[in-house]
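A.B. asks: Please read through the structure below; I'll follow up with questions.
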Amino acid sequence: MGTTLAIEEVTKRYGSQLALDRVSLEVRAGEFFTLLGPSGCGKTTLLRCVAGFLRPDGGRILCDGARLDRLPPHARDIGMVFQNYAVFPHLTVFENVAYGLRARRIAPEALIRRTREALGLVELEGLAARMPGQLSGGQQQRVALARALVIRPRLLLMDEPLSNLDARLRVTMRTEIRRIQRELGITTIYVTHDQEEALAISERLAVMAGGRIEQAGTPWAIYTQPGSPAVARFVGLSNVLEGRVVERAGRRLVLDVGGWSLEAESELTDARLTAVFRPEAVRLLGEEEGPADRRVGEGRVVTREYLGATLRCGIRTAAGTVLLADVHKPTLRDVEKDGAPVRFTVDATDVRLYRTQPGG
C-alpha cells in the first residue's frame, strides 16, 4: 500500500545561508511525487534530510505518523538512487544488486531469489555476470534502481537519476521508472530540474525556489493554473506582460498591454496587473479573419524554431515586446514567415492575472 511521508516546517541552514525555509508537504502512500526547481532551490537538500544524510535545524519528518528524522540513515528503510549511479565498479551486476541484502544478512536462497527478481524488474536478467564497465549508462542506472528496490524499502528517493543520460534514453528510462513504481506501489520522491520530465512522470509535484515551496499540485493544475508568474515562467514557457485595466464589468476586465488589449476574468481589483499566457494560447490570424479590433495584436515574426509538430515564433509587437506563439502542424508557408507581419489574438480563458510585484 505504500508509506505516507509528512514533512512539517523543515528548516536547514548552511552557516548564514537558509537552504530550506519551513518547508511543509505530504506525500501520499504509493504516490510518485516530484520536487522540481532550478539548481540551488533546496530540492536535493530536502531529499537528503529525508534520507538522513543531513540533519534539519528545525521541523519534523514522519513516516506513517512516526518520527523518521530521529533515526540514523541505515535504520530508515529507504532506497536511494543517485545522479551518478554510485555502482560499485569491482562488483558484478548481480553482486551490486545483492549488496544491500548481504548487508542485512538475508539467507542465501532468499538473496538469490530476490536479486533475480529485481534484475527481472529492470530487464537485466541476462547481464547479471557483467561488470559495470561493460554496461551503458542506461544499464548502469537500471542496476542502481534494482539495488535500491531489492531491499523492499518503504520509501524510494531519486536524485536527478536521468541527468547523465542522452535525451532519447531519458525518455525511455523515465517511462520504465514510472512503470516499475506503479507495479510495486512504492512511495517515491523524485528530484529533477527538468520541467518536461516532472510533468510527464509525476502524480503530483512541488515547485521549489529559494528554499521554499512555491506551489504543489498535479502537473495539470500547475501548468494550467500556475500560482505565480515565477511558477509560470519555470514550468513551461509563458508570455508575461504588465498592463493597465481599462475596462471592468464584474469579473470580466480588459487590460491594455501596450497597443493592444487582453480580455480576462479575475477577482483582482488592482489598477495594474500582470498577465500570463502560454505560447499555445496565441492564435495567429489569417488576412481574412475579421477587421481590426483592440483584442487583435500586430507584430512581425523575428524568430522561428521549427520543432517538427510545432513551429515556435517570436513576434515583436509595436511596443517592442517579443511574444512566443506556437503554430501546430505548420505549413511550409508558416515556416518561411521570417520578418512577415502577423496579427494575433488570445482567448480570455487562456489568460491568468496576478498582482504586479513592485520592481517586477
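Read the figures in this text as sums done on the coordinates, not as results from a lab. Just so it is clear, the model here is predicted, and its values are computed rather than measured. Note that each Cβ is placed from the backbone with ideal geometry, even for glycine, and that neighbours are counted across all protein chains shown.
A.B. asks: For the pair R179 and S163, how long in nm is the line joining their label points, each one 7 Å along Cα→Cβ?
C.D. replies: Rounded to a tenth, the inter-label distance reads 2.6 nm.
A.B. asks: Above 27 Å lies some portion of the pair distances; for the stretch 237-355, what is it as a whole percent of all C-alpha pairs? Please list the in-between numbers first.
C.D. replies: Values: 1169 of 7021 pairs.
More than 27 Å apart: 17 percent of the Cα pairs in the stretch 237-355.
A.B. asks: While we're on this one: Go through the stretch 128-134 residue by residue and turn each phi into a ³J(HN,Hα) via Karplus (6.51, -1.76, 1.60, θ = phi - 60°); whole Hz please, and just put x for glycine and proline.
C.D. replies: Whole-Hz 3J(HN,Hα) from phi for the stretch 128-134: 4, 8, 6, 8, x, x, 8.
A.B. asks: Next question, about the same structure. Relative contact order for the chain using alpha-carbon pairs under 8 Å, separation at least 6, rounded to a whole percent?
C.D. replies: Relative CO of the chain lands at 16 percent.
A.B. asks: I'd like the orientation of helix 108-121 relative to the chain: the angle between its Cα long axis and the longest Cα principal axis, in ° from 0 to 90, rounded to 10.
C.D. replies: Helix 108-121 sits at roughly 20 degrees to that axis.
A.B. asks: Just want the ordering: T331, T356, from fewest to most Cβ atoms lying within 10 Å of their own Cβ. Display every interim value, and only then the final one.
C.D. replies: On the way: T331 10, T356 18.
So the ranking, lowest neighbour count to highest, is T331, T356.
A.B. asks: So what are the stretch 1-117's ellipsoid semi-axes, whole angstrom, largest first, if each one is the square root of 5 times an eigenvalue of the alpha-carbon gyration tensor? Mind dumping the intermediate values first?
C.D. replies: Details: eigenvalues 183, 60, 36 Å².
For the stretch 1-117, the ellipsoid semi-axes come out as 30, 17, 13 Å.
A.B. asks: Okay, next question. Using 0.36 nm times the number of residues separating T349 and Y306, minus their current alpha carbon distance, what extension gain do you get?
C.D. replies: 12.8 nm
A.B. asks: Further question on the same structure: 222 nm [θ] for the chain, helices only, -39500 (n - 2.57) per DSSP H run of 4+, per residue, to 500?
C.D. replies: Numbers: 9 runs with 88 residues, N = 360.
My calculation for the chain gives -7000 deg cm²/dmol from helical runs alone.
A.B. asks: Report ³J(HN,Hα) in whole Hz for each residue of the stretch 201-215, in order, from the Karplus equation J = 6.51 cos²θ - 1.76 cosθ + 1.60 where θ = phi - 60°; Gly and Pro get x.
C.D. replies: 9, 8, 7, 9, 8, 10, 8, 10, 7, x, x, 10, 7, 6, 6
A.B. asks: Only loop residues by DSSP count here, and only those with at most 16 other Cβ atoms within 10 Å; note down the chymotrypsin sites (Phe, Trp or Tyr not before Pro) in the stretch 30-131 that meet that. Write down the numbers at each step before the final one.
C.D. replies: Values: sites: F32, F33, F53, F82, Y85, F94, Y99; in loops: F53, F82, Y85.
Counting only loop positions with at most 16 other Cβ atoms within 10 Å, the chymotrypsin sites (Phe, Trp or Tyr not before Pro) in the stretch 30-131 are F53, F82.
A.B. asks: Taking 0.36 nm per residue of sequence separation and subtracting the Cα-Cα distance, how much length would be gained by fully extending the chain between A66 and R102, in nm to one decimal?
C.D. replies: Length gained, A66 through R102: 10.2 nm.
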